[in-house]
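Written below as structure tokens is the structure these notes are about.
The values are calculated or read from the model by the stated rules, or taken from the named source; none is laboratory data. Quick caveat: nothing in here was measured; it's all calculated off a predicted structure. Reconstructed Cβ throughout: ideal geometry from the backbone, glycine too, with neighbour counts over all protein chains shown.
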Amino acid sequence: MDSYNSGNPIGLGPRHRKPKRKYVAKLFIFLALLLLPIGGYVIYQYLSSNQQQTAVKSVQSLSEVPVANLDKARVEKWNGITKKVAYLTFEDGPTALTSDILQSLKEQNAKATFFLMGPNINQQANVVRTMSNDGHYIGLHSETHDYDTLYEKKQYVPEMLRVQKQIKQLTGHAPLLTRPPYGSSPSITKSIAKEIERANLRVWDWSIDSMDWYYKDSAKEVAKTVIDRAEDPVEIILLHEQPQTLRALPAIIAGLKKKGYQFSIYDEDFHIPYNFSKYPNL
Ligand SMILES: [Zn+2]
């Protein structure tokens, strides 16, 4: 904005010869020169502050989402006990066991996050709907679960987006959170990370491995592993849809409750970055 070309006639008309008028005219010119830039500056500030407000309202890009301080945001004290948050995250479903897992969670009044695989969804459409209606979070866990395909051949994003579409068709919601098969490190390279960010997807690894893939015959060891390892204010617990995990679930939930944990589901509006590679925007 150029305040000098704003068409204001003050001081720009033909000059008069009379001395008194000459001084008045000079005064007007002086005031005009003084006030116009100030006015212009005020208008400019007003307009740019409006633009900033609009920008805040329309934050879309993942890199603009503020990083949450998980310690302060989620932990609180109640009756002298520090409340902590545990995220139960189940991989590789839906399976023949999913209904039983949902039933067990219901009985113990706990919510969980499920990372589903594309081919399994088609066979268990009703279970996926129940999962959604029960208030669990449904996330993405690829189609192939194959290391070479996902990371060497860079099919991570295309596969996740196809699974996202399947879930949207069933539940009406297109989830953003992905769980990388085998974890994000070293598999998710910088170039894959960029693709993930561009697709507006997010990545969650885990803070506790339940070892349910290792203790195949011992639900007791699975439960013990989880409960012993739970220490931090926020824990993301890796579980698989396996019989030993289903059997361990009541003990896991009871043990964590005893340690002061509440059970939350992943919240897209309150994303906590948690990936082994420490990419801040995933
Ligand atoms: Zn998996």
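For region 137-158, the set of residues classified as in contact with a Lys or Arg (Cβ under 8 Å, 6 or more places away or on another chain) and within 15 Å of Gly172 (Cβ to Cβ) consists of Tyr137 only.
State whether one or more residues within region 186-204 are hydroxyl-bearing (Ser, Thr, Tyr), within 15 Å of the ligand (Cβ to nearest atom), assigned to a loop (DSSP other than H, G, I, E, B) and surrounded by fewer than 20 Cβ atoms within 10 Å (Cβ to Cβ).
yes
Residues of region 121-155 that are within 13 Å of the ligand (Cβ to nearest atom), buried (at least 20 other Cβ atoms within 10 Å of the Cβ) and either part of a helix (DSSP H, G or I) or not polar (S, T, N, Q) (or both): Gly139, Leu140, His141, Glu143, Leu150. Tyr279 satisfies every condition listed in (1) surrounded by 22 or more Cβ atoms within 10 Å (Cβ to Cβ); (2) of a type outside the set (Lys, Arg); (3) over 16 Å from Ile208 (Cα atoms) except (1).
The numbered conditions (1) in a loop (DSSP other than H, G, I, E, B); (2) assigned by TED's automatic domain parsing to the domain that holds Thr95 are all true for Gln244 except (1). Would you say Val234 is touching a Gly at 6+ places or on another chain (Cβ under 8 Å), crowded, with 16+ Cβ neighbours inside 10 Å and either under 30 Å from Val157 (Cβ atoms) or assigned by TED's automatic domain parsing to the domain that holds Leu116 (or both)? Answer is no for this residue. The residue pairs whose first member lies in region 123-147 and is in the same structural domain as Pro186 (by TED's automatic domain parsing) and within 19 Å of Gln103 (Cβ to Cβ), whose second member is surrounded by 15 or more Cβ atoms within 10 Å (Cβ to Cβ) and among the aromatic types (Phe, Trp, Tyr), and whose beta carbons are closer than 8 Å, counting only pairs six or more residues apart or on different chains, are Met131/Phe114; His136/Phe114; Tyr137/Phe114; Tyr137/Tyr266; Ile138/Phe114. When you look at Asp100, is it assigned to a helix (DSSP H, G or I), charged (D, E, K, R), within 16 Å of the ligand (Cβ to nearest atom) and out of contact with any strand residue (DSSP E or B) (no Cβ under 9 Å at 6 or more places or on another chain), yes or no? So Asp100 does not fit the description; no. Any residue at all in region 167-177 that's in contact (Cβ under 8 Å) with a residue 40 or more places away in the chain and within 15 Å of the ligand (Cβ to nearest atom)? Yes, because at least one residue in region 167-177 is in contact (Cβ under 8 Å) with a residue 40 or more places away in the chain and within 15 Å of the ligand (Cβ to nearest atom). Screening Arg229 against (1) buried (at least 17 other Cβ atoms within 10 Å of the Cβ); (2) without any contact (Cβ under 8 Å) to a residue 24 or more places away in the chain leaves a single unmet condition, (1). Regarding Thr89, is this residue modelled with pLDDT of 95 or more, within 16 Å of the ligand (Cβ to nearest atom) and not in a loop (DSSP other than H, G, I, E, B)? Yes: the conditions hold for Thr89.
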